[in-house]
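Working notes for the structure below.
The values are calculated or read from the model by the stated rules, or taken from the named source; none is laboratory data. These figures come from a predicted structure and were not determined experimentally. All Cβ positions, even for glycine, are placed from backbone atoms using ideal geometry, and neighbour counts span all protein chains on display. The accessibility values were calculated without ligands, DNA or RNA, using every heavy atom of the protein model including side chains. Shrake-Rupley method; radii C 1.70, N 1.55, O 1.52, S 1.80 Å.
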Amino acid sequence: MRAAVVEQFGSPATVEERAIPQPGPGQVLVRLETCGLCHTDIHAMNGDWPVKPPLPLVPGHEGVGIIEEIGAGVTTRTVGQRVAMPWLGHACGECRYCVDGRENLCEQQYNNGYGVDGAYAEYMLADARFAVPVPDGVTPLDAAPLTCAGVTTYAAVKNARVTPGETVAVFGIGGLGHLAVQYARLVGAKVIAVDVTDEKLQLATELGADVVVNARTTDVVEAIRQQGGADAAIVLAVAPSVFRQAFDSLNRGGRLVLVSLPAGGELTIPVFDTVLKGISVIGSIVGTRQDLVEVFALHALGRTRVITQTRDLADVNRSVEEVLAGSVPARLVFAYHTADLVPVTEAVETVS
Ligand SMILES: [Zn+2]
Ligand SMILES: [Zn+2]
């Protein structure tokens with residue numbers, strides 16, 4: 001099978017032939033159809049974060065494919081079933097967080113494409129219980145970005161405890177932001193989209209943002225204040241200035257929801273304003289399997305749109321450069337086994 005492998009941090013990935021792995025007890029072998037390119041994969045490839053992945057590593061935590069083999073003891077998944085392999089590749093199922101519905105905080109978790117090999121390959125192994133079924137009505141091309149960008153922003157909107165009629169400001173309209181705008185709308189918020197490129201703001205408008213603000217040409221805080229301020233600010237961008245802008249745009253009782261993970265990032269906010277205004281600062285990390293089930297269900301109902309362009313795995317390094325240059329509309333998705341993927345082939349034609 002083909003796999004994109006990181007041998008050394010900061011060096012280009014190499015696309016090489018590897019043996020197809022065999023599923024152990026409790027595992028499934030998945031023949032991948034698609035995998036999205038998440039910014040976290042680039043951090044993994046560069047070894048940017050304090051906890052570094054073991055090398056060599058196959059990145060990828062937006063994998064979607066068909067179960068080809070099941071290991072001993074697997075009773076809840078079947079050969080031929082389409083599943084998604086998110087960041088949360090495994091959690092213990094026994095700790096207080098797993099038991100009370102916050103398995104994304106489990107300390108025994110491991111992560112696909114970081115702690116174990118992920119979906120930048122034609123096949124991968126997965127813990128069967130954490131390979132989430134993809135319902136009919138969700139194509140593999142759409143399912144891939146929903147598997148991280150979707151579930152992460154869906155959970156962020158939930159964690160922001162938005163009520164209908166409140167205002168949500170989304171900072172950063174890319175793979176995550178284009179979905180955050182839609183989830184914020186779905187819970188009844190007025191949505192303000194903030195970015196530095198007009199093309200992305202145009203996309204946000206098409207996806208339902210009520211107001212757009214170009215942070216390169218406009219005073220963001222002033223613009224949001226003129227709209228009555230934000231009750232929740234969801235930070236998906238990594239520029240240091242964004243965090244303070246998001247904080248300063250909040251109303252009393254506002255929630256600052258941190259999602260993006262800039263390398264070496266630190267947050268500096270005034271204690272006085274935080275206390276007097278009753279501001280909450282919330283860290284939001286991916287979502288649970290149930291969150292992903294809900295994300296897929298909403299998409300199958302036609303409530304969300306996923307904006308993608310497909311790439312071949314051979315172009316993995318060029319694709320990373322495209323993402324870093326900000327030149328892609330929302331999400332790049334690697335498509336494998338294109339014979340399986342009629343909708344993907346059509347999508348390739350429409351975007352090229
Ligand atoms: Zn991700
Ligand atoms: Zn646990």
So how tilted is helix 316-325 from the main axis of the chain? Cα-based, degrees 0 to 90, rounded to 10.
0
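When the chain is fully extended, how far beyond the present Cα-Cα distance does Leu105 get from Thr274, taking 0.36 nm per residue of separation?
Values: separation 169, 0.36 × 169 = 60.84 nm, distance 2.54 nm.
That pair, Leu105 and Thr274, stretches by 58.3 nm at full extension.
What is the ratio of the Cα radius of gyration of the stretch 70-171 to 2.2 N^0.38 Å, with N the residue count, to two decimals?
For the stretch 70-171, the normalised Cα radius of gyration comes out at 1.22.
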Step through the residues of the stretch 257-274 one at a time and calculate ³J(HN,Hα) from phi using the Karplus curve (6.51 cos²θ - 1.76 cosθ + 1.60, θ = phi - 60°), rounding each to whole Hz and writing x for Gly and Pro.
10, 9, 10, 5, 10, x, 4, x, x, 9, 10, 10, 9, x, 4, 4, 5, 4
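For a Förster distance of 41 Å, can you work out the FRET efficiency between the beta-carbons of Glu222 and Arg305, rounded to the nearest 0.05? Walk me through the numbers on the way to the answer.
Working: r = 31 Å, r/R0 = 0.75.
E between Glu222 and Arg305, to the nearest 0.05, is 0.85.
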The chain, accessible surface, carbon-and-sulfur percent (1.4 angstrom probe):
52
Hey, what's the chain come to in accessible area per residue, 1.4 Å probe, Å²?
42
Computed lengthening from Lys52 to Thr75, 0.36 nm per intervening residue step minus Cα-Cα distance:
4.9 nm
Would you calculate the separation in nanometres between label points at Glu68 and Glu266, each defined as 7 Å from the Cα along the Cα-to-beta-carbon direction?
4.8
Between Cys95 and Thr14, the two model label points (7 Å from Cα along the beta-carbon direction) sit apart by a distance in nm of 3.5
Using only the alpha carbons, work out the radius of gyration and Dmax of the stretch 161-283 in angstrom.
13.1, 39
Whenever you get a sec, line up Glu62, Glu122 from highest to lowest accessible area (probe 1.4 Å, protein heavy atoms).
Glu122, Glu62
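Using the Kirkwood radius over C-alpha pairs as Rh, can you work out the diffusion coefficient of the chain via Stokes-Einstein at 20 °C, viscosity 1.002 mPa s, in µm² per second?
On the way: Rh = 20.5 Å.
After rounding, the answer is 105 µm²/s.
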Once amide H atoms are placed 1.01 Å from N in the peptide plane, what residues at a sequence separation of 5 or more from Gly254, or on another chain, have their amide H within under 5 Å of its amide H?
Ser280
Under 17 Å from the Cα of Lys190 - lysines, other chains or at least 8 residues apart
Lys158
Going 7 Å from the Cα of Glu322 toward and past its Cβ, which residues in the stretch 28-48 have a backbone nitrogen under 18 Å from where you end up?
33-43
In order over the stretch 51-57: 3J(HN,Hα) from phi, Karplus 6.51/-1.76/1.60, θ = phi - 60°, whole Hz, x for each Gly or Pro, gives 8, 9, x, x, 10, x, 10
What is the angle, in °, between the Cα long axis of helix 289-300 and the longest principal axis of the Cα atoms in the chain? Nearest 10 is fine, range 0 to 90.
80
